[in-house]
Every structure is written in C-alpha cells, then in structure tokens.
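Trainee: Have a look at this one before I ask anything.
Any read-out appearing in this document is the output of simple, stated calculations on the displayed coordinates, not a laboratory observation. Remember, predicted model here, so these are calculated numbers, not experimental data. Note that we place each Cβ from the backbone using ideal geometry, even for glycine, and neighbour counts take in every protein chain shown.
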Amino acid sequence: FFSSRRRHTRSLCDWSSDVCSSDLQPLKDALVARDYRLADQTTANLMVRAAGREAEGALREADGKNFSCDDLKIIDQLWLDHSNGKFGFSVQQQIYKSLGGTPGQYNETIYRQFGDQVGWLQNNQWMPYGSLNFSATAPMGHLPRSEEHTSELQSHSDLVCRLLLEKK
C-alpha cells in the first residue's frame with residue numbers, strides 16, 4: 001500500500017497498482033454512496049496510514065508536513081469528483097485564501113471566519129465532530145474534516161491538511 005519516498009515520508013502508492021486501487025476502493029465506494037461520514041473516516045484512516053501512524057491511530061501537526069502532495073491531491077480529487085466540487089481539501093484551501101488567509105500562516109480571525117463559512121463554527125463555538133453535517137446539504141467545504149484521527153491537524157495553530165495542496 002505504501003512506498004517509502006524519503007525518510008519518515010510515505011506515499012499512499014503509485015496509484016496505478018492493483019493494490020492501491022483496492023485500498024482506495026472503500027473511499028470511492030463511500031463517496032459514490034454519498035456516505036460522507038464513512039468517507040470522512042476513511043480519509044482520516046488513509047492519512048494516518050500514509051503518515052505511518054497506524055499504531056497511534058492519530059496524526060500530529062508535524063506529520064502533516066511530511067505528506068506526499070500527490071497523495072493529498074488524489075484524495076482531494078476523489079472528494080471533488082463525488083461531491084460535484086463541493087467538498088475537498090482544495091475547496092477548503094480556496095475558501096481560506098478567499099478570506100485573506102495565507103497557506104501555512106495562522107490567523108485567528110481568518111480561521112474563525114473560515115470555520116464559520118464551512119459550518120464548523122456555530123454560535124462562536126467549534127462544533128464537535130459528531131455534530132457535523134455529513135450530507136450533501138452541508139456548506140461548501142464542510143468536508144473532509146476527519147477530526148477523529150486528525151485533531152491536531154485541525155487545531156487552531158495550523159491548517160496543515162487543507163493547505164498542504166499549496167506545497168509543490
């Protein structure tokens with residue numbers, strides 16, 4: 001499933017192998033079925049696995065900086081393709097940037113505006129994962145959030161998951 005690209009950095013795979021296709025199939029199936037909660041959880045699992053953090057079951061902020069940009073783009077493209085462009089990391093990045101945000105730079109005001117716009121902030125409070133809208137009626141950019149396994153990447157200190165697509 002993974003091939004090592006550099007020390008401590010893994011790629012999900014070369015995306016042309018049969019093994020890789022079968023590993024991505026659960027995400028594709030969940031997205032096709034519009035089971036966005038399962039797709040979000042599957043996305044988190046893929047990211048945890050790509051970071052080599054299966055034993056811990058979660059990501060740290062530092063792990064996000066080691067993701068293969070190609071892997072994130074492929075996951076993002078699956079979300080885009082199966083949500084008519086409504087959900088995905090690149091959608092979230094576009095929203096963040098449209099609010100004046102700069103990838104890799106945290107700004108509390110912009111992050112809160114972002115949270116409000118994508119529906120993660122309600123009555124000035126961050127919504128718990130279980131209260132998210134896992135349906136097609138969710139606001140643009142609402143998913144993926146994957147907080148169950150990526151809580152540190154969702155922290156106020158950085159938007160690593162969403163903004164890594166900027167990394168070239």
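Trainee: Figure the gain on full extension for Glu56 and Thr109 (residue separation times 0.36 nm, minus the Cα-Cα span) and round it to one decimal in nm.
Mentor: Result: 15.9 nm gained on full extension.
Trainee: Which cross-chain or sequence-distant (5 or more) residues have an amide H under 5 Å from the amide H of Leu121, H modelled 1.01 Å from N in plane?
Mentor: Asp116, Met127
Trainee: If packing is taken as the average count of other Cβ atoms within 10 Å, what order do 126-133, 111-118 fall into, highest mean first? Working shown, then result.
Mentor: Working: 126-133: 13.5, 111-118: 18.6.
By packing density, highest mean first, the sequence is 111-118, 126-133.
Trainee: I would also like to ask the following. How fast does segment 24-64 diffuse by Stokes-Einstein, in µm²/s, taking the Kirkwood radius from C-alpha pairs at 4 °C and 1.567 mPa s? List each step's numbers first, then the result.
Mentor: Values: Rh = 10.6 Å.
Estimated diffusion coefficient is 122 µm²/s.
Trainee: Give me the distance in nm between label points sitting 7 Å out from Cα along the Cα-to-Cβ direction at Leu38 and Ala136, one decimal.
Mentor: Result for the modelled spin labels: 1.7 nm.
Trainee: On to the next question. Kindly give Rg over Rh for segment 32-139, based on alpha-carbon atoms, with the Kirkwood expression for the hydrodynamic radius.
Mentor: Checking Rg against Rh, the ratio lands at 0.95.
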